[in-house]
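Only the coordinates and a few stated rules stand behind these numbers; no lab work does. Predicted, not measured: the structure shown is a model, and the values here were computed from it. Please note: Cβ atoms are built from the backbone with ideal geometry, for glycine as well, and neighbour counts cover all protein chains shown.
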Amino acid sequence: MDSMSRIPFNKPAPMGNEYAYIHQTMELGHISGDGAFTKKCHALLETELGVSKVLLTSSCTHALEMAALLLDVQPGDEFIVPSFTFVSTANAFVLRSARPVFIDIRPDTLNLDEAQLEDLITTHTRAIVPVHYAGVGCEMDAIMDIAGRYRIPVVEDNAHGLFGKYRGRYLGTFGCLATQSFHETKNFTCGEGGALLINDRALIERAEIIREKGTNRSRFFRGQVDKYTWVDVGSSYLPSDMLAAVLFAQLEAREQIQAQRQRIWRCYYEHLQGWAEANGIRLPVVPAHCDQPYHMFYLLLPSLEQRQDLIAHLRAQDIMSVFHYLPLHLSDMGRHFGGQPGDCPVTEDVSDRLLRLPFYNGLTVDDQERVITAIQEFQVIQG
């Protein structure tokens, strides 16, 4: 890549055996769901994370939808969710006619503000859905304590946080359910894909049924029944085994991937720290008790205008940077559920000021240096 070529925000890259494994799926003659590579992914994740059951899905959105079905969410139920998240986190429960109760985020980690949680619980609260933003763990001790006292299930949206830890324990292993994403922007990708992590063994059998279009097909293939039939609600949530082949190759290279991403994150932090302090810009906050998986690197500019100016400054040098979530409570659907300006002030403020920098497994040292130099040339106008 020459020095003046475009630097994208994200660029998926093969890390080893992706093409060979795709070829193997074709040779095996099973490229639909739950083939050999799907099973390999399940086994690897279950072993590494220590969870009772992992089920690959066609997206993190579908894993969230499965979670809402497994919790038997009904019309009139409520669920507590950060306003600062992707729409799928809310949509999965809204599809079951539940009402989102939006909670604000902490100004440091940008995670759900656990100090506000208990006041939002009502007799209709059916689930609490923390989102581990940027792969930095929410304050799960406090969240699980509150959820336990009120006997409310916790579903972790861990789309950013595979292999991240909170107080030495893997994210995705706290709630009864958790979801993962393998979208092309994630650390480990198969283009589109996800997984449901099941920590409550009582939910495993029904999860398999829901994932198999509401049939007991999984029991049939294990020889537990002589034929399978429609026994529950469900949908087609299985990814192709070709996608699982790509994902397995990525997961095999997890140590290499994480080492590369750690290098990129630390390089940004070390080289931008002085510039940020001089310009009133905040870098990511990672508490000492959180081990992040180095999913993204962001800046918090002093204002919306300066955030947009920096995006334009980088774009003029063929460097792509992006903002992130818009507040869900202020969206058309959020307002439909009663969201109003001022409901989540930290979310509203952060959403205007946050800028994500190019961050992907194949980002070279030279390209990252070019990004850093371009950023350091940008001076915030004070006052």
Pick from ALA288, ALA115, ALA43 the residue whose mean-square fluctuation is largest in a GNM of the chain, springs joining Cα atoms under 10 Å. ALA288
Counting Lys and Arg as +1 and Asp and Glu as -1, each charge on the Cβ, what is the dipole of region 203-356 about the Cα centre in debye, to the nearest 20? 440
When the chain is treated as a Gaussian network with springs between alpha carbons less than 10 Å apart, the largest mean-square fluctuation among PRO341, PRO153, PRO14 is found at PRO341
Kirkwood hydrodynamic radius (C-alpha pairs) into Stokes-Einstein, region 5-161, 37 °C and 0.692 mPa s, D in µm²/s: 185
Long-range alpha-carbon pairs in region 267-383, meaning those over 26 Å apart, account in percent for 26
Given N residues in region 167-278, what is Rg(Cα) / (2.2 N^0.38 Å)? 1.48
If only Cα atoms are counted, what is the Rg of the chain, and what is its Dmax, in Å? 21.3, 75
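Going by a ≥ b ≥ c, the root eigenvalues of the Cα gyration tensor, does region 262-327 fall in the rounded group (a/c under 1.5), the prolate group (a/b larger than b/c) or the oblate group?
Cα axes put region 262-327 in the prolate bin.
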Let me check against my output: what whole-number percent is the relative contact order of the chain, with C-alpha pairs under 8 Å and at least 6 apart? 23
